[in-house]
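The structure under discussion appears below in the form of structure tokens.
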Amino acid sequence: MKFYNNQEKQKIIFENYSNPKYKLDRKENSGISEHSSICVDEIELHLTFQNNILTDAKYYAIGCAIFLSSIEIMIKELINKSKNEINLILDNYFKLINKADHNKDIELGELCVFENVKVHLNRLECASIVYRAFKKGLNG
């Protein structure tokens, strides 16, 4: 697992929040929907698979910097991965952000910047929504 200091984490989160590459300009009401139960964070996720490989992902979302950057980073880490690889990464990410024992052999890349979100429990919810949305997309 890659280690980032606090300054590097802030830079990665801010960069992904400020310069989204996968965000749609408007809601299409046709994707996978997920939202927070405690704040305004909400996503509509569109996934494209070819032969079980994620070839494209787009989203429309509103919310805080942690939430929006988690979407960007998650897509970046999952694009061109198989459904099986995506499930492994998602489950490992969920363990990481919940401070559970996670598999350090499964590469999470920049998703590691969220390793301490559980310190602020409301931020844990922000970083978890993308996990739930992708799980729905894989299983639905």
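The values are calculated or read from the model by the stated rules, or taken from the named source; none is laboratory data. Everything quoted here is computed from the prediction, not taken from an experiment. No Cβ is skipped: glycine too gets one built from the backbone with ideal geometry, and neighbour counts run over all protein chains shown. To get the accessible areas, we keep the full protein, side chains included, count just its heavy atoms, and leave off ligands, DNA and RNA. Shrake-Rupley method; radii C 1.70, N 1.55, O 1.52, S 1.80 Å.
Quickly rank 42-49, 95-102 as a protection proxy: mean count of other C-beta atoms within 10 Å, highest first. Each step should come with its number before you reach the end.
Working: 42-49: 18.6, 95-102: 15.4.
Put in order of decreasing packing, that is 42-49, 95-102.
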Legend entry - From phi via Karplus (6.51, -1.76, 1.60), per-residue ³J(HN,Hα) for region 51-58 in Hz, x at Gly/Pro: 6, 6, 10, 6, 9, 7, 8, 9
Legend entry - Integer Hz, Karplus 6.51/-1.76/1.60 couplings in order for region 79-90, x for Gly and Pro: 4, 6, 10, 6, 4, 5, 4, 4, 4, 4, 5, 4
Legend entry - Where the chain is the region considered: accessible area per residue in Å², 1.4 Å probe: 54
Legend entry - Cβ-Cβ FRET estimate between residue 81 and residue 122, R0 fixed at 41 Å, reported to 0.05: 0.90
Legend entry - Charge sum, other residues only, whose C-beta stays under 10 Å from residue 124's C-beta, Lys/Arg counted +1 and Asp/Glu -1: +2
Legend entry - Two-site label geometry, residue 29 and residue 49: point separation in nm, points 7 Å out along Cα→Cβ: 2.7
Legend entry - C-alpha center-to-center spacing [region 90-140, region 50-67] in angstrom: 15
Inset, instruction - Could you tell me what percent of the accessible area of region 6-139 is made up of carbon and sulfur, with a 1.4 Å probe and every protein chain present? - result: 47
Legend entry - Long pairs among 23/81; 21/99; 2/136; 23/99; 11/76, criterion Cα-Cα beyond 24 Å: 21/99; 2/136; 23/99
Inset, instruction - Please work out how much length the chain gains when fully extended from residue 136 to residue 98, using 0.36 nm per residue of separation minus the C-alpha to C-alpha distance, in nm with one decimal. - result: 11.7 nm
